[in-house]
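Supplied in structure tokens, the structure appears directly below.
The values are calculated or read from the model by the stated rules, or taken from the named source; none is laboratory data. Please read all numbers here as calculations on a predicted model, not as lab measurements. Here the Cβ positions follow ideal geometry from the backbone for every residue, glycine too, while neighbour counts run over all protein chains shown. Heavy atoms of the whole protein, side chains included, go into the accessibility calculation; ligands, DNA and RNA do not. Shrake-Rupley method; radii C 1.70, N 1.55, O 1.52, S 1.80 Å.
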Amino acid sequence: MAETFDRVKQIIVDRLDVDESKVVMEASFKEDLEADSLDVVELVMELEDEFDMEISDEEAEKINTVGDAVNYISSQS
Amino acid sequence: MLNEQVALVTGASRGIGRAIALELARQGAKVAVNYAGSEDKAEAVVQEIIAGGGSAMKIQADVASEEDVKQMVKAVVDEFGRLDILVNNAGITKDNLLMRMKEEEFDSVINTNLKGVFLCTKGVTRQMMKQKYGRIINVASIVGVSGNPGQANYVAAKAGVIGMTKSNAKELAARNIQVNAVAPGYITTDMTDALTEEQREQMLALIPLKRLGEGEDVARVVRFLASEDAAYMTGQTLHVDGGMVM
């Protein structure tokens, strides 16, 4: 879980160009990390590549916070 | 030139789509020739491209089927490694007077000509977003602008395509994906060969340039929209109709 979080955090920092300290489990992509809807779609695509998994549209729509992403990925591996 | 670029042209086994596939190949693009039923004709287009020194593959898919479209896009990316240009050209007609038009005739034309554009665009967007580059060119029709009796289904679909072109252009612009459309007028294809001599004469009277168009007339404009020359254009519909609708 901690390792997953670190990998997710790195992608978010690179992709959204935000400060590491802001990337916490509770952070909302749109409200706290200033991502727009397309940013989130792209982020999910990158997570799929990083973790070599497919995230369905239905699941992707439920990913609103950093924690949502980390928990989903952890539950699949 | 479109060297090293990969293009997917839907409905490319004949007519305007065939002309577009051949033109993009002449510019150096690797071309995926999509077809629904005419495998022999698609293979002939592929062979013509290869004979000219280009690269091409044929790929069967019904553009109105999301599953087919997904597999088609995957097959193209697996074969050629990327996907730079999508030309949404596949289309059918089921003309009938409004009073006589069956629900099935309406639905099937909307499914192929309008939903097909949505599904193919959605299908390639992921790859294009990853590349941070993409050109999508939708083949609409001048009747989508002007209307045409006996074509409620076709005109609704083509007007829909022109609207979707603008919406998708706005949505994807920030990702360096440009979306434009061409609106051909009367182009000589299997569709227009079915017209009577009298219908042709009536048509010519409406065309300031006094000739029917050729598939190549449309293909060259599509090539322009796919090229760097169109780098500052998105969301536009270019009329390729001999001046019929201004």
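Any residue in the stretch B:219-239 that is touching a Phe, Trp or Tyr at 6+ places or on another chain (Cβ under 9 Å) and in a helix (DSSP H, G or I)?
Yes: the stretch B:219-239 contains one or more residues that are touching a Phe, Trp or Tyr at 6+ places or on another chain (Cβ under 9 Å) and in a helix (DSSP H, G or I).
Do we find that A:Val66 is away from every other protein chain (no Cβ under 14 Å), within 29 Å of B:Lys170 (Cβ to Cβ) and either of a type in the set (Val, Ile, Thr) or in contact with an Asp or Glu (Cβ under 6 Å, 6 or more places away or on another chain) (or both) in this structure?
Yes: the conditions hold for A:Val66.
Could you tell me whether any residue of the stretch B:177-193 is over 23 Å from B:Val9 (Cα atoms), open to solvent by 30 Å² or more (accessible area, probe 1.4 Å) and hydrophobic (A, V, I, L, M, F, W, C)?
Checked the stretch B:177-193: no residue is over 23 Å from B:Val9 (Cα atoms), open to solvent by 30 Å² or more (accessible area, probe 1.4 Å) and hydrophobic (A, V, I, L, M, F, W, C).
What is the one condition in (1) under 11 Å from the mean Cα position of the chain (by Cα); (2) within 14 Å of chain B (Cβ to nearest Cβ); (3) over 20 Å from B:Lys132 (Cβ atoms) that A:Asn71 does not satisfy?
Result: A:Asn71 fails condition (2) only.
Name the single residue that is farthest from B:Gln27 (Cα to Cα) among those in the stretch B:49-80 being small (Gly, Ala, Ser) and surrounded by 20 or more Cβ atoms within 10 Å (Cβ to Cβ).
The first filter runs over the stretch B:49-80 and keeps only residues small (Gly, Ala, Ser), leaving B:51-56, B:61, B:64-65, B:75.
Still in the list and also surrounded by 20 or more Cβ atoms within 10 Å (Cβ to Cβ): B:56, B:61, B:64.
Numbers: B:Ala56: 13, B:Ala61: 25, B:Ala64: 29 Å.
Among those that are small (Gly, Ala, Ser) and surrounded by 20 or more Cβ atoms within 10 Å (Cβ to Cβ), it is B:Ala64.
Looking for something touching a residue at least 40 places away in the same chain (Cβ under 8 Å), open to solvent by less than 80 Å² (accessible area, probe 1.4 Å) and hydroxyl-bearing (Ser, Thr, Tyr) - is there at least one such residue anywhere in the stretch A:48-71?
Yes - at least one qualifying residue is present in the stretch A:48-71.
Here is a further query. Within the stretch B:141-153, restricting attention to residues that are farther than 17 Å from B:Asp241 by Cα and part of a helix (DSSP H, G or I), which residue is nearest to the other protein chains (Cβ to nearest Cβ)? Before the answer, list the steps.
Looking only at the stretch B:141-153, we keep the residues that are farther than 17 Å from B:Asp241 by Cα, and these are B:149-153.
Then drop every residue that is not part of a helix (DSSP H, G or I), which leaves B:152-153.
On the way: B:Ala152: 32, B:Asn153: 29 Å.
Among residues in the stretch B:141-153 that are farther than 17 Å from B:Asp241 by Cα and part of a helix (DSSP H, G or I), the one nearest to the other protein chains (Cβ to nearest Cβ) is B:Asn153.
Could you tell me whether A:Val41 is assigned to a helix (DSSP H, G or I) and either on the phi < 0 side of the Ramachandran plot or within 14 Å of another protein chain (Cβ to nearest Cβ) (or both)?
Details: assigned to a helix (DSSP H, G or I): yes; either on the phi < 0 side of the Ramachandran plot or within 14 Å of another protein chain (Cβ to nearest Cβ) (or both): yes.
Here the answer is yes, as A:Val41 does meet what is asked.
Given the stretch B:51-140, what helices (runs of 4 or more DSSP H) lie entirely inside it while holding 1 or more residues that are within 25 Å of A:Ile55 (Cβ to Cβ) and under 18 Å from the mean Cα position of the chain (by Cα)?
Passing ranges, in order: B:66-80, B:116-131.
Somewhere in the stretch B:224-236, is a residue within 14 Å of another protein chain (Cβ to nearest Cβ) and modelled with pLDDT of 95 or more?
No, because not a single residue in the stretch B:224-236 is within 14 Å of another protein chain (Cβ to nearest Cβ) and modelled with pLDDT of 95 or more.
Could you list, in sequence order, the residues of the stretch B:24-45 that are assigned to a helix (DSSP H, G or I) and open to solvent by 10 Å² or more (accessible area, probe 1.4 Å)?
Across the stretch B:24-45, the qualifying residues are B:Ala25, B:Arg26, B:Glu39, B:Asp40, B:Lys41, B:Glu43, B:Ala44.
A further question on this structure: Scanning for something within 14 Å of another protein chain (Cβ to nearest Cβ) and touching a helix residue (DSSP H, G or I) at 6+ places or on another chain (Cβ under 9 Å), does the stretch B:76-83 turn up at least one residue? Working first, answer last.
Within the stretch B:76-83, the subset within 14 Å of another protein chain (Cβ to nearest Cβ) is B:77.
Remaining after also requiring touching a helix residue (DSSP H, G or I) at 6+ places or on another chain (Cβ under 9 Å): B:77.
Yes; the residues of the stretch B:76-83 include at least one that is within 14 Å of another protein chain (Cβ to nearest Cβ) and touching a helix residue (DSSP H, G or I) at 6+ places or on another chain (Cβ under 9 Å).
Still on this structure, please answer the following. Looking at the structure I just gave you, is B:Lys170 open to solvent by 10 Å² or more (accessible area, probe 1.4 Å), touching a residue at least 40 places away in the same chain (Cβ under 8 Å) and either within 14 Å of chain A (Cβ to nearest Cβ) or not in a helix (DSSP H, G or I) (or both)?
Numbers: open to solvent by 10 Å² or more (accessible area, probe 1.4 Å): yes; touching a residue at least 40 places away in the same chain (Cβ under 8 Å): yes; either within 14 Å of chain A (Cβ to nearest Cβ) or not in a helix (DSSP H, G or I) (or both): yes.
When the stated conditions are applied, B:Lys170 passes them.
Let me ask something else about it. Taking A:Val18 and the conditions (1) free of Cβ contacts under 8 Å to residues at least 24 places away in the same chain; (2) assigned to a helix (DSSP H, G or I), which numbered condition does it fall short on, given that it satisfies the others?
Of the numbered conditions (1) free of Cβ contacts under 8 Å to residues at least 24 places away in the same chain; (2) assigned to a helix (DSSP H, G or I), the odd one out for A:Val18 is (2).
Moving on. Return yes when B:Ile16 is part of a helix (DSSP H, G or I), closer than 21 Å to B:Val182 by Cβ and open to solvent by 20 Å² or more (accessible area, probe 1.4 Å) and no when it is not.
In short, yes.
Are any residues in the stretch A:16-43 within 21 Å of A:Asp57 (Cβ to Cβ), among the β-branched types (Val, Ile, Thr) and open to solvent by less than 30 Å² (accessible area, probe 1.4 Å), and if so, which ones?
Once the filter is applied, which keeps residues that are within 21 Å of A:Asp57 (Cβ to Cβ), among the β-branched types (Val, Ile, Thr) and open to solvent by less than 30 Å² (accessible area, probe 1.4 Å), the stretch A:16-43 yields only A:Val40.
Report every pair of residues separated by at least 6 positions or lying on different chains whose Cβ atoms are under 7 Å apart, first residue within the stretch B:235-246 and more than 19 Å from B:Thr165 (Cα to Cα), second of a type in the set (Lys, Arg).
As it stands, the answer is B:Gly242/B:Arg211, since those pairs meet every condition given.
For the stretch B:140-157, what are the residues that are touching a residue at least 60 places away in the same chain (Cβ under 8 Å) and open to solvent by 10 Å² or more (accessible area, probe 1.4 Å)?
Residues satisfying the conditions are B:Val145, B:Ser146, B:Tyr154.
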